[in-house]
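The values are calculated or read from the model by the stated rules, or taken from the named source; none is laboratory data. Please read these numbers as outputs of a predicted model, since none were measured by experiment. Reconstructed Cβ throughout: ideal geometry from the backbone, glycine too, with neighbour counts over all protein chains shown. Surface areas here come from the heavy atoms of the whole protein model, side chains and all, with no ligands, DNA or RNA. Shrake-Rupley method; radii C 1.70, N 1.55, O 1.52, S 1.80 Å.
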Amino acid sequence: MPVYPVKAPGSLSRCHLRAPRRGFGSGFTTLVDPRTRRGDPAGMGMDFGILKLRAGAKHHEVTARETAIVLLGGRVEARIAGNLFGAQRGSLFDEGPTTFHVGAGTSVELRADAGGAEFAVIRAVNPRPLPVRVYTPAETATEDRGAGLAQGACRRLVRTIFDYSTRPDSTLVVGEVVNFPGRWSSYPGHHHAQPEIYHYRFTLPQGYGHAEIGESVFKVRHGDTTTIPGGLDHAQVSAPGYGMYYLWVVRHLPRRPYKGFTFTREHTWLLDPKNQGWQPSV
């Protein structure tokens, strides 16, 4: 099913992918494909897409690359390398993720229950052997980040599923953010050398927010995706009334793994809880 690049100034115009106009259909929808320049114009170097299964449907593959599969919704049964796992998720906003993470050459079968299921799938080349890991909601800590800063304008929930400290043999870092309505995240703006993908959902289908990539700003809606080239500052904000979720994926660079980010220098004063900024006198 096609995605629709949004016109924007300069070379970043293809960094924003709208969701298909009728929503994601059954099967796999490719959003980023590094095997072609058109499929990966921002240089992410990793596959990304949405897998949607109807009630009772199955998906089977023997992975060709390192693969992380994040359950977005539904109840599923997964058979991975001969082992059986069960998982369910009713809300992106109120429940943590289950993630299946495997190396190349692993047999993966997913079967949806009566309500169907949806997944985000990330793949990247990784020559190292990678033992199977299943990250449950209980294993994914939720960090309440930004509280007490900037008059509460950038408070959000951050869930890091795995990173370099917990999975150093991976080429990826995977996590989620839940924006409170009308609040900022990835804020103050920051950058890192490694490329990153954001995939958005909202508490209501008409919800929206804005994403900054460098000097460009994109209006993001339910199901949209942004690709962030390495080195560019980025930050997000959700519209009042709408909670915003996004899945984030960073790819390590050769000999330069992602271990953190650098805040945009002119905004670092916001990290001081004693400096809340201007406040109206009325």
In region 150-167, anything part of a strand (DSSP E or B) and closer than 14 Å to A68 by Cα is listed as T160, I161, F162
State yes or no: is Y187 buried (at least 19 other Cβ atoms within 10 Å of the Cβ), touching a Ser or Thr at 6+ places or on another chain (Cβ under 7 Å) and part of a strand (DSSP E or B)? no
With the checklist (1) buried (at least 20 other Cβ atoms within 10 Å of the Cβ); (2) part of a strand (DSSP E or B) in hand, flag the one item S170 doesn't pass. (2)
Criterion violated by G96 - all others in (1) under 17 Å from G116 (Cα atoms); (2) assigned to a loop (DSSP other than H, G, I, E, B); (3) of a type outside the set (F, W, Y); (4) within 16 Å of the chain's Cα centre (by Cα) satisfied: (1)
Checking L270 against (1) in contact with a helix residue (DSSP H, G or I) (Cβ under 6 Å, 6 or more places away or on another chain); (2) open to solvent by 50 Å² or more (accessible area, probe 1.4 Å), which test does it fail? (2)
Within region 164-181, the residues that are more than 11 Å from the chain's Cα centre (by Cα), among the charged types (D, E, K, R) and closer than 18 Å to E139 by Cα are R167
Considering each of G23, G56, G10 in turn, give the residue that is open to solvent by 20 Å² or more (accessible area, probe 1.4 Å), over 20 Å from the mean Cα position of the chain (by Cα) and at pLDDT below 95. G10
Members of region 228-242 that are among the hydroxyl-bearing types (S, T, Y) and open to solvent by less than 10 Å² (accessible area, probe 1.4 Å): S238
So which of Y245, Y198, Y208 ends up being surrounded by fewer than 19 Cβ atoms within 10 Å (Cβ to Cβ) and within 21 Å of F24 (Cα to Cα)? Y208
Which is open to solvent by less than 10 Å² (accessible area, probe 1.4 Å), without any contact (Cβ under 8 Å) to a residue 60 or more places away in the chain and either in a strand (DSSP E or B) or small (G, A, S) (or both), of L71, L51? L71
From the list E109, E66, E61, E77, which residue is more than 16 Å from the chain's Cα centre (by Cα), at pLDDT 95 or above and open to solvent by less than 20 Å² (accessible area, probe 1.4 Å)? E66
For a quick check of your reading of the model, give me the residue pairs whose first member lies in region 129-146 and is part of a helix (DSSP H, G or I), whose second is among the small types (G, A, S), with beta-carbon atoms closer than 7 Å and at least 6 apart or on different chains. P137/G96
Within the set of pairs 6+ apart or on separate chains, which have a first residue in region 252-272 that is hydroxyl-bearing (S, T, Y), a second that is not in a strand (DSSP E or B), and C-beta atoms under 7 Å apart? Y258/Y164; Y258/H192; Y258/Q194; Y258/H252; T262/H192; T264/D233
Every listed condition ((1) within 27 Å of P137 (Cβ to Cβ); (2) in a loop (DSSP other than H, G, I, E, B)) holds for P240 save (1)
Can you list residue pairs whose Cβ atoms sit under 8 Å apart, with the first residue in region 90-103 being among the hydrophobic types (A, V, I, L, M, F, W, C) and the second being open to solvent by less than 10 Å² (accessible area, probe 1.4 Å) and assigned to a loop (DSSP other than H, G, I, E, B)? Count only pairs 6 or more apart in sequence or on different chains. F93/G243; V102/T63
Restricting to region 30-44, and then to whatever is in a loop (DSSP other than H, G, I, E, B) and open to solvent by less than 30 Å² (accessible area, probe 1.4 Å), can you tell me which residue is farthest from T67 (Cα to Cα)? A42
Residue in region 87-103 that is touching a His at 6+ places or on another chain (Cβ under 7 Å) and surrounded by 19 or more Cβ atoms within 10 Å (Cβ to Cβ) present: no
